[in-house]
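Report on one structure; see the data block that follows.
The values are calculated or read from the model by the stated rules, or taken from the named source; none is laboratory data. Predicted, not measured: the structure shown is a model, and the values here were computed from it. Every residue, glycine as well, gets a Cβ built from its backbone with ideal geometry; the counts of neighbours run over all protein chains shown.
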Amino acid sequence: MSIDLQRFHATYFEESRDGLDAMEAGLLAMDAGERGAETLNSVFRAAHSIKGGAATFGFDAVAALTHALETLLDRIRAGTRAVGAADIDAMLASVDVLRALLAEAEHGRPADPAQVRAMDARLQALLGEASDGPRATAPDTNAAAGWRIEFQPEPTLFMRGNDPIALLRALEALGPLQVQARLDALPPFEALDPLQAAIGWSLRLDAPVPRAAVEDVFAWVEDECRLAIEPLPPPSPAAGDASAVAADEAPAASAARGAPAHEGESSIRVDVAKVDALVNLVGELVITRSMLQQLGTGLGVEVAERMEAALAQLERNTRELQEAVMGIRMLPVDAVFRRFPRLVRDASARLGKRVRLQTRGESTELDKGMIERIADPLVHLVRNAIDHGLEPPEARVAAGKDPTGTVTLAAAHRDGHIVIEVADDGRGLDRARILAKARERGLAVPESPTDAQVFDLVFQPGFSTADTITDLSGRGVGMDVVRNNIRQLGGSVQLDSRSGAGTRVEIRLPLTLAIVDGMAVAVGGETLLLPLAHVRESLRPGPGDIRTVKGEGRLLRLRDEFLPLLSLGEAYGYARSRGDETVAVVVEGEGQRLAVEVDALIGQQQVVVKSLERHYRHVDGISGATILGDGRVALIVDVGGLVRGRRLPQAA
């Protein structure tokens, strides 16, 4: 039976990446003092599975490195070696090298051969050291004259394309193998279930090989079978081999048959492209529903009422379907947060600082596309916090602080957005120094600027107040890239700081990039969409509510404050809104409010966002487009862009 193993490479790579994440988390827990058996076993199991799959698929470099890593872990598990800081450092470094080797096997990006050799030499040096832990005095169960193996596949073993015959051949390569098929679990013909595995094998391997060599054969399928491995008893001159084998086989086979089967899998892995295709189809369904609603406006009363009821039901079903499909793409933000304990550990060690990482809201869900694109900005912000936000331990003690600084990562749902915060309890931003650097570079600085205006200067390209450039970060260096990346996701970023108390960066992101609720407005004969998450209220200005102030432009009086008033018609080159008949819509973006002038409100509707950049080009002030029920294209307003394009006065 020939099987194309390349069909299963993608599953192996994905599961191996999950395994490396688990290894890293376990090693960091061990570094923090958690030395329990469960933590150590979880790291060992991950390494063992990665090695078994690598050997099966012929990824020799991965198999060789994980073999050395597994040997080190096995000695620690056996108690023959006490785990030390050097061991954890080396194993964490090996995780990085394994990631590079997996990327080489998956995408053909060559790993640095010098780094791989150095890592292997580092592990071998640790393995060559004299054991510094107590030697086990119990008999060595890893060595035997041979092995008895009871092997019963689970249905999932076959569903994943694994071939039991290939496993038997791998065992035969270790030494003489006796094979006996076991059909004692075979039910009557009428009760046969084609999805169940009824065949098993009783195996005898007459070879003095280590137990680990036998386990390696089944490493890739150990979670998809019932397996019992027992050493053969030493030969006895008083009893025949056959009777001894028979006497010992019975309990082993019974144990194997009595072992509980693994529960059925509760999840499946689906290619992201398939999910995206489903999201697009749901989007087209939303557009089709709008078209039907538009066509129903010209029908008679009786038909229109029936049509309206049917469309209302369709709308409910479509929204439920849309929410279910979008839920498939939602992942907990922990998928990003879990990479930071390692980053914080490495960065603090290099800088000689003591840092505590706190995370909150790890279960908050975010669209997978955003998860992937938010990671780099967060990495930059956390490095900034450690490198230039937190003081060295001696400086913190002198300031009356805990010598261990705290970096906080938090996520939460708020006002229809996902809000992610990166905060530190360090020295805070130096307002005077920022202003001095801004004037030195010739940047425009308002008279008597507020703290928000001063802190906003660090987002200027290349702006930095650091005296020295480190290989980690510089407070402000690259912050313009951070803001641009966030804005490309339809989000915003704000910075707040208090001298001596720390800095906080708040990132606000939309829940999804695909389908949004919007307020349709009429402007100069065209229809524009205002994202509902940015809309605060709408009103028809009364006499005297609109004033023109020299140097500030038009302002709208709203209760006890004045808001800048912007005509959307003028902003996008349409006709000017019609005086007293206009409607003002108050929107909020970038943490500031603005009133926009439109001709009329059309109504709230759910729209499918289409990227202009992908199909046309970037347009300032426009975050995307959508197709209306009558087939026309409507542009979606970038509220944050409108706010940024206008210097907002302070509230009166």
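Among residues of region 441-457 that are closer than 17 Å to M479 by Cα, those with a Cβ under 6 angstrom from a residue that is in a helix (DSSP H, G or I), sequence gap 6+ or separate chain, pair up as V454/R431; V454/I434; L457/I434; L457/A438. Does E315 satisfy the criteria of being surrounded by 13 or more Cβ atoms within 10 Å (Cβ to Cβ) and over 20 Å from V516 (Cβ atoms)? So E315 fails the test.
Against the definition (in contact with a strand residue (DSSP E or B) (Cβ under 8 Å, 6 or more places away or on another chain) and under 22 Å from D271 (Cβ atoms)), how does L321 come out, yes or no? No; evaluated as a whole, the condition is false for this residue.
Residue by residue, here is whether (1) modelled with pLDDT of 85 or more; (2) touching a strand residue (DSSP E or B) at 6+ places or on another chain (Cβ under 6 Å) holds:
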{"residue": "N384", "(1), (2)": "yes, no"}
{"residue": "R396", "(1), (2)": "yes, no"}
{"residue": "G400", "(1), (2)": "yes, no"}
{"residue": "T408", "(1), (2)": "yes, yes"}
{"residue": "A412", "(1), (2)": "yes, yes"}
{"residue": "D424", "(1), (2)": "yes, yes"}
{"residue": "L435", "(1), (2)": "yes, no"}
{"residue": "P449", "(1), (2)": "no, no"}
{"residue": "Q460", "(1), (2)": "no, no"}
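Taking region 323-391 and the strands (runs of 3 or more DSSP E) fully enclosed by it, the elements with 3 or more residues that are surrounded by fewer than 21 Cβ atoms within 10 Å (Cβ to Cβ) are at 330-332, 355-360.
In region 73-111, of all residues being free of Cβ contacts under 8 Å to residues at least 40 places away in the same chain and surrounded by fewer than 13 Cβ atoms within 10 Å (Cβ to Cβ), the one that is farthest from A29 (Cα to Cα) corresponds to G108. Within this structure, D89 passes the test of being among the acidic types (D, E) and over 16 Å from A219 (Cβ atoms). Does A118 satisfy the criteria of being farther than 28 Å from A170 by Cβ and in contact (Cβ under 8 Å) with a residue 12 or more places away in the chain? For A118, the condition - farther than 28 Å from A170 by Cβ and in contact (Cβ under 8 Å) with a residue 12 or more places away in the chain - is not met. Which residues, taken from region 291-319, are touching a Leu at 6+ places or on another chain (Cβ under 8 Å) and modelled with pLDDT of 75 or more? Of everything in region 291-319, those that are touching a Leu at 6+ places or on another chain (Cβ under 8 Å) and modelled with pLDDT of 75 or more turn out to be L292, M307, L311, L314, T318.
Please pick out the residue among S497, S538 that is in contact (Cβ under 8 Å) with a residue 60 or more places away in the chain and either touching a His at 6+ places or on another chain (Cβ under 9 Å) or within 18 Å of L568 (Cβ to Cβ) (or both). None of the others qualify; the one that does is S538.
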